[in-house]
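Let me begin by presenting the structure, written as structure tokens, before commenting on it.
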Amino acid sequence: METKDAYKQKMEKQLQESKAQIDLLAAKAENAEADVKLRYAQELDKLRDKQRIASEKLKAVEEAGDDAWEKVKDTTDKVLDDLQAGVAHVVSYFK
């Protein structure tokens, strides 16, 4: 069974990796043509919203008691999976 602290560290690392990927996509968008840049901006806004939600869920894990954090963990996993899938989609879309 995973401890709350180990889970929190794992999620923080995954959030940092997602943020780095989003930042890289934003840098690529700066060099894109106008129409592609607009599409990048729209997709990046969606990813940043997902990232914000994942951060909020992680905060809920931090604030949850030792017994309750397991319940919050399931939704946090789903939100983070959605963020990672979104990043992968945008990366593959703009290759």
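All other residues whose Cβ lies under 13 angstrom from that of Glu12 are scored, Lys and Arg at +1 and Asp and Glu at -1, for a net of +4.
Mind ranking 7-14, 51-58, 24-31 by how tightly packed they are, going by the mean number of other C-beta atoms within 10 angstrom, highest first? Walk me through the intermediate numbers first.
Details: 7-14: 14.9, 51-58: 17.5, 24-31: 12.5.
Highest mean packing first, the order is 51-58, 7-14, 24-31.
The fraction of accessible area contributed by carbon and sulfur in the chain is 50 percent, rounded to a whole number (1.4 Å probe; ligands and nucleic acids excluded). Taking other residues whose beta carbon is less than 12 angstrom from the beta carbon of Leu44, and scoring Lys, Arg as +1 and Asp, Glu as -1, yields +2. Just tell me which lysines come within less than 19 Å, Cα to Cα, of Lys71; anything on the same chain fewer than 8 places away is out. Hits, sequence-local ones excluded: Lys4, Lys8, Lys10, Lys57, Lys59.
The three principal axes of the Cα atoms in the chain give end-to-end lengths of 51, 17, 17 Å, sorted in falling order. The residues packed around Val61, meaning those with a beta-carbon under 12 Å from its beta-carbon, carry a net charge of -3 if Lys and Arg are +1 and Asp and Glu are -1. Dividing the helix sum by the residues of the chain, where each DSSP H run of 4 or more adds -39500 (n - 2.57), gives a mean residue ellipticity at 222 nm of -31000 deg cm²/dmol.
The values are calculated or read from the model by the stated rules, or taken from the named source; none is laboratory data. All values reported here derive from a predicted model rather than from experimental measurement. Virtual Cβ from ideal backbone geometry, glycine too; neighbours counted across all protein chains shown. Calculation scope for accessible area: heavy atoms of the full protein, side chains included, ligands and nucleic acids excluded. Shrake-Rupley method; radii C 1.70, N 1.55, O 1.52, S 1.80 Å.
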